[in-house]
Amino acid sequence: MSKRQRPGSRRPVRTVMGLALGLAVTIVAILEPGGIAVADTPSAAVGSALSAGAAGSAVSVGSAQEALSAPANPTVGPLFTNGLSSGHSCTASVLSVGRGLLLTAAHCLSGKPVGIQFIPGYDGTKAQAAPYGIWTVTRSWVPASWVNSEDPQHDYAILQVQDNVVQGQHVAVNDLVGGNGIGIALGNSVAVTVPAYVNGAHDAPISCTAALQVDQGFASFGCAGYFTGTSGAPWIADSTAAEPAVVGIIGGLHQGGCTDSTSYSPDFNADVYLLVIRAVVGLPSDTAPKPDSDGC
């Protein structure tokens, strides 16, 4: 069961320093005269794209848990592919870097997702369901390994939403609601909080805090209730930090999992940082393949 709407052993902790060195070489190659033309981007934005958050606190792996309704996270919201009246397809979260960038699962996309609508902090049970407005997707970036072979370890994507006018000013979504960094330190028993949206009418956000495990080479967590619509939901390792770190998303193996009670994530390594940098510096966007079967 893909968690999008349809028409082992401890993982080693990777250091940011090693990634930063490799990425710095890539950035230099891109920005050198005669290289690929890029948009004018503040160096601070590129630098912050290299920063990882904390790994989070350790918890014991206990009995089965269930996601419950929770207050909306302003940086997380549903993606509406076919208009607001048709229900949402997936979940996405706002990044702190760049301008108007979101993180979601690659299997949530098909073609160029121009026109998809994102509602941060959404709560369909309240009179003001969209307290931070509605934001429209204009571009997307997906890893080459997903475009070429739908590699489940590269099942992530970056979206860009256009600015909205707020009190007469053009504002980026991350300027309005804040955003999350990206971390890469994952291991057994690290706690993550996963805010998400199950597809449905007038739906409220759900959330669960659970301990990570490694299953079939993929990070996973066990918590019931992550049904269709939760693909792309962020795994937040330290939700109380000034800038929380997303260390995974619902996706990867079987496009996030074959049951609602076990969810998976693709591996966050240097490749996810490279994708973020492509989006931050404004390199050409990508066309996502129509996802194959989830194999469930």
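The values are calculated or read from the model by the stated rules, or taken from the named source; none is laboratory data. The structure displayed is predicted, hence computed values, not measured ones. Keep in mind that these areas ignore ligands, DNA and RNA; they rest on the heavy atoms of the full protein, side chains included. Shrake-Rupley method; radii C 1.70, N 1.55, O 1.52, S 1.80 Å.
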**Message:** Sequence gap at least 6, Cα distance under 8 Å: using those rules, report the relative contact order of segment 167-262 to the nearest whole percent.
**Reply:** 29 percent
**segment 85-157 shape via C-alpha gyration tensor axes, a/c threshold 1.5** = prolate
**Prompt:** Which cross-chain or sequence-distant (5 or more) residues have an amide H under 5 Å from the amide H of residue 89, H modelled 1.01 Å from N in plane?
**Reply:** 79, 80, 81
**Request:** With a probe of 1.4 Å, find how much accessible area segment 171-254 has per residue, and write the answer as a whole number in Å².
**Result:** 26 Å²
**Asked** Measuring from centroid to centroid over Cα atoms, what is the spacing of segment 140-164 and segment 205-269 in Å?
**Response** 17 Å
**Fill in**
Heads up, segment 231-296 by the C-alpha gyration tensor (a ≥ b ≥ c square roots of eigenvalues; a/c under 1.5 rounded, else a/b over b/c prolate, else oblate) looks oblate
**Prompt:** In segment 75-136, carbon and sulfur make up what percent of the accessible area (probe 1.4 Å)?
**Reply:** 51 percent
**Request:** Scan around residue 249 for amide H atoms under 5 Å from its own, H built in the peptide plane at 1.01 Å from N, and keep only partners 5 or more places away or cross-chain.
**Result:** 235
**Message:** Looking at the calculated P(r) for segment 191-287, what percent of the C-alpha pair distances fall above 16 Å?
**Reply:** 58 percent
